[in-house]
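Let me begin by presenting the structure, written as structure tokens, before commenting on it.
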Amino acid sequence: MDIRSQVAMVFHLDKCIGCHTCSIACKNVWTDRKGADYMWWNNVETKPGTGYPTQWENQEEYKGGWMVKDGKLQLRLTSKGKFLQKIFHQPSLPTMDEYYEPWTYRYEDLFNGPEQDDQPTAIPVSKVTGQYIDIEAGPNWDDDLGGSPLYARNDVNLSALSEEQRLQLLSIETLVMFYLPRICNHCANPACVAACPSGAIYKRGEDGIVLINQNVCRGWRYCVSACPYKKVFYNWSTGKSEKCLLCYPRVETGQAPACFHSCVGRIRYMGVLLYDADKIEAAGLKPDAELVTAHRDLLADPNDPAVIESARKNGVTEQVLQSARKSPVYRFVKDWGLALAPHPEYRTFPSLFYVPALGPVTYSMENGVALNPTSTEEIFAPLEQARLPMSYLASLFGAGQEAPVRYAMKKMLAIRTWKRATEVGDVDLKVALAGLREADCDPEQAEAIYRLTSLCSFEDRFVIPASHREQAVEVLTNPLERKGAAGFGFREAPQRGF
Amino acid sequence: MLTNFLFVGFPYVALVLAIVVSILRFTWRPFSYSSLSSQFLETESLFWGSSLWHWGILWVLSGHLFAFFLPEAILAWNARPLRLYLLELTGLSMALLALVGVVALIVRRFTDRRVKVVTSPLDVVLLAVLLYQVASGIDVAIRYRWGSAWFSTNAAPYLWSLLKLAPRPELIAPLPWMVKLHFLSGFLVILLLPFTRLVHFLVVPIFYYWRRPQVVIWNRKGLR
Ligand code: HEM
Ligand code: SF4
Ligand code: SF4
């Protein structure tokens, strides 16, 4: 047993309103710079849709993540022996066109334009070349375009659906969509780390945050291809790769990252997970059908004395152990089985889990008038009638397996019905209770889930142990050496080349 | 005097600067060490340019190094004409690959609107010098046969004499000017090395072969 701690995350998709506040918070803090202008470490995409960069889930093309070959876990991108062959030109690297060319407008033309008959306009100019560009794509141009031929139809997950189901998702009367906010998953078995030939990417032992040492990165760009979630970005100006750093200066002081803090829908949870690093490889070798279970088995019970002992041996502090016991993430993932990692078949074992979105409350219209629903059946359509095919969610969150997704959805639906019974009273309590039981839940758990989902305060959502000062890096190095370095280690303007 | 300056002074200046500046740059400005890849901005013509250039130049470079370290082996191999032709032909075709590659890289640098943005004056100088280096090498190889022979008898001993700090420029005095210019631009490449993107050659990540897949760093325990 080799227990490590990880700051882990849950995004509750039922609550995401697709407002992109998270993306903007991140952009303003970290990526509003030349070369990073096209990067969205946090982005929100509409599903079904192609996402950002377009079709990032298409690993036939991008070769991200791990695969099992000859009984061994191997990067899909390249084997160790052959990696140098691809160094001069990386065949599966997405280019700027797969993201979008960043642009701004020449606002000064509005003021400086010559006197003329027509109003002056601010033309769009590329942030790369400074020249006029005809904008063809943006980071979230799929926004709300569920059902669209350009985005929804080209969603990679649709291949798991029957032709009929696909048609249903694409026609205006029956289409459906939900939002998928994405950041780096700070995986337990990160493909980006394993692919970096320079060894510049590393996972922090204390909290599992995955970072790129900018002084060691040499721009070999393997990480960009290897990350199946496309959450490593190449800075085209500095010639270095960059990625989400989970706002580690905030996390170290017990604060939630900017995207978490600003989340309007309050969909984001952060807490500690303990996991057994010794089990990672064996878990990665499991067939697709067993991956969700294998991933959950990696996560260790913070109340188990053997786990605590091993964690202490690794230097995990009491404060971290304490907050692991109160972790909202542990409850969603392990205790309740509600949260699922995205695309477990990539075998990176993400530390970010999603509670899948339930369908909206239904009601029918007649002559333009909304009818009052008369039964819970009508308010909460049964799972079988959900507009979003289960196979779609299974492709996204279950490595193709419907069972774990169905389990989570069923439980959430049962809780909805249960709360309807206790709060509004138009459902028979006995029926609601039977529903709970059938969904592997009981009133006590239902209440806890309800509270953490709907009534959660800041302190409930973010249980983040501040890092111990005596463990912090400053104590281990000469403070004068770091003076004036603003915590970033070096104070050099990130400029291209020498 | 001129010979001494060009074939003794200049090589030493280039070599010393290459070593000293590379080390200084690595310790003081590690951030600046990068391949400065521009594939993100343009990938299709880079495929041809970069692949042909690197495969070509790396073989040619290895050939030069081999002849430098083991000149006798080359001479022994060349004892049979057929083997000599084979060696020369291989070298020449690799050099042609590199030539096509570097031309493709130069064209790309000047035509792609995005790549132009990340092209520095030193990038242009470097590509121009490399173009001259490869082109003059091919010219010499065709006109002054057989290079693999006289490299081993004249050039290698001269280069060794530089390394042993007992320079003997007279060894290459009888060689034609075209050949000498090829040497000079070779030293120029060495001089440019620490100041340009060429430093990427110094940090080729061969340690990857021995590394464990995951890298975990603890503040107190360090790398594990
Ligand atoms: C095994 C050794 C080498 C490796 C792994 C390597 C790798 C690379 C990589 C990754 C790039 C960036 C390509 C891109 O834009 O994506 C590059 C560019 C370049 N390399 Fe190398 N290289 C090696 C040796 C050399 C040598 C020996 C030379 C010259 C003597 C050289 C000259 C160049 C030049 C001039 C460029 C810039 C090309 C351009 O964008 O115009 N490389 N190299
Ligand atoms: S999601 Fe993050 S940690 Fe996981 S492989 Fe991608 S960049 Fe690495
Ligand atoms: S801020 Fe929250 S609710 Fe808004 S898009 Fe981001 S994750 Fe969704």
**Report entry** Which numbered condition A:SER225 fails, given (1) at the interface with chain B (Cβ under 9 Å from one of its Cβ atoms); (2) buried (at least 24 other Cβ atoms within 10 Å of the Cβ)
**Finding:** (1)
Query raised in the report: Any residue at all in the range A:316-334 that is in contact with a Cys (Cβ under 9 Å, 6 or more places away or on another chain), open to solvent by less than 20 Å² (accessible area, probe 1.4 Å) and modelled with pLDDT of 90 or more?
Result: yes
**Report entry** Odd one out for A:PHE111 among (1) free of Cβ contacts under 8 Å to residues at least 24 places away in the same chain; (2) within 14 Å of another protein chain (Cβ to nearest Cβ)
**Finding:** (2)
Query raised in the report: Within the set of pairs 6 or more residues apart or between chains, which connect a residue that is more than 16 Å from B:ASP139 (Cα to Cα) inside the range B:93-114 to a residue that is of a type in the set (D, E, K, R) and in a helix (DSSP H, G or I) with Cβ atoms less than 9 Å apart?
Result: B:ARG109/B:LYS116; B:ARG109/B:ASP123; B:PHE110/B:LYS116
Report summary line: Of the residues in the range A:239-276 that are modelled with pLDDT of 95 or more and assigned to a helix (DSSP H, G or I), the one that is farthest from the other protein chains (Cβ to nearest Cβ) is A:SER262
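State yes or no: is B:ALA73 touching a residue at least 40 places away in the same chain (Cβ under 8 Å) and either more than 19 Å from B:HIS182 (Cβ to Cβ) or surrounded by 14 or more Cβ atoms within 10 Å (Cβ to Cβ) (or both)?
On the way: touching a residue at least 40 places away in the same chain (Cβ under 8 Å): no; either more than 19 Å from B:HIS182 (Cβ to Cβ) or surrounded by 14 or more Cβ atoms within 10 Å (Cβ to Cβ) (or both): yes.
Here the answer is no, as B:ALA73 does not meet what is asked.
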Query raised in the report: Which of (1) in contact with a helix residue (DSSP H, G or I) (Cβ under 6 Å, 6 or more places away or on another chain); (2) surrounded by fewer than 17 Cβ atoms within 10 Å (Cβ to Cβ); (3) hydrophobic (A, V, I, L, M, F, W, C) does B:LEU122 not meet, given it meets every other one?
Result: (1)
Requested in this report: Please find, within the range A:209-221, the residue that is nearest to ligand 2 (Cβ to nearest atom) out of those that are open to solvent by less than 10 Å² (accessible area, probe 1.4 Å) and more than 9 Å from chain B (Cβ to nearest Cβ).
Outcome: A:VAL210
Report task. Give me the pairs, please: first residue somewhere in the range A:123-146 and more than 26 Å from A:PHE178 (Cα to Cα), second residue anywhere and surrounded by 13 or more Cβ atoms within 10 Å (Cβ to Cβ) and aromatic (Phe, Trp, Tyr), beta-carbon distance under 6 Å, and either six or more positions apart or on two chains. Result -> A:PRO124/A:TRP103; A:SER126/A:TRP103; A:LYS127/A:TRP103; A:ILE133/A:TRP103
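Considering only the range A:383-461, give the helices (runs of 4 or more DSSP H) lying wholly within it that have at least 3 residues that are open to solvent by less than 70 Å² (accessible area, probe 1.4 Å) and of a type in the set (Ser, Thr, Tyr). Write out each step before concluding.
Values: elements: A:390-397, A:403-419, A:429-438, A:443-454, A:458-461.
Passing ranges, in order: A:390-397, A:443-454.
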Report task. With the condition kept exactly as written, say whether any residue in the range A:192-205 is of a type in the set (S, T, N, Q) and more than 8 Å from chain B (Cβ to nearest Cβ). Result -> no
Query raised in the report: Could you list, in sequence order, the residues of the range A:179-206 that are assigned to a strand (DSSP E or B) and more than 16 Å from ligand 3 (Cβ to nearest atom)?
Result: A:ILE201, A:TYR202, A:LYS203, A:ARG204
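Against the definition (in a helix (DSSP H, G or I), open to solvent by 20 Å² or more (accessible area, probe 1.4 Å), more than 14 Å from chain A (Cβ to nearest Cβ) and modelled with pLDDT of 95 or more), how does B:VAL13 come out, yes or no? Can you show your working first?
Working: in a helix (DSSP H, G or I): yes; open to solvent by 20 Å² or more (accessible area, probe 1.4 Å): yes; more than 14 Å from chain A (Cβ to nearest Cβ): yes; modelled with pLDDT of 95 or more: yes.
Taking the combined requirement at face value, the residue satisfies it.
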Report summary line: For B:GLU44, the lone unmet condition from (1) within 13 Å of chain A (Cβ to nearest Cβ); (2) out of contact with any strand residue (DSSP E or B) (no Cβ under 7 Å at 6 or more places or on another chain); (3) closer than 24 Å to B:THR196 by Cβ is (3)
Report task. Would you check which residues across the range A:3-32 are within 11 Å of ligand 3 (Cβ to nearest atom) and of a type in the set (Val, Ile, Thr) and list them? Result -> A:ILE17, A:THR21, A:ILE24
Query - Count of the range B:43-59 residues which are open to solvent by 30 Å² or more (accessible area, probe 1.4 Å) and within 9 Å of ligand 1 (Cβ to nearest atom) - result: 4
Requested in this report: Check A:TRP236 against each of (1) open to solvent by less than 10 Å² (accessible area, probe 1.4 Å); (2) touching an Asp or Glu at 6+ places or on another chain (Cβ under 8 Å) and name the one condition it does not meet.
Outcome: (2)
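Going by the structure shown, is B:SER152 at pLDDT 90 or above and of a type in the set (Ser, Thr, Tyr)?
Working: at pLDDT 90 or above: no; of a type in the set (Ser, Thr, Tyr): yes.
So B:SER152 does not fit the description; no.
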Query raised in the report: How many of the residues in the range A:139-156 are of a type in the set (S, T, N, Q) and crowded, with 18+ Cβ neighbours inside 10 Å?
Result: 2
Query raised in the report: Any idea which residue in the range A:202-238 is modelled with the lowest pLDDT, counting only those that are in contact with a Pro (Cβ under 6 Å, 6 or more places away or on another chain) and away from ligand 1 (no atom under 16 Å from the Cβ)?
Result: A:ASN215
Report task. Scan the range A:78-100 for residues that are touching a residue at least 24 places away in the same chain (Cβ under 8 Å), more than 8 Å from chain B (Cβ to nearest Cβ) and farther than 20 Å from B:SER38 by Cβ and jot them down. Result -> A:THR78
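The values are calculated or read from the model by the stated rules, or taken from the named source; none is laboratory data. Here the structure is a predicted model, which is why all the values come from computation and not from measurement. We place every Cβ from the backbone using ideal geometry, glycine too, and count neighbours over all the protein chains shown. All accessible areas refer to the heavy atoms of the entire protein, side chains included, with ligands and DNA or RNA removed. Shrake-Rupley method; radii C 1.70, N 1.55, O 1.52, S 1.80 Å.
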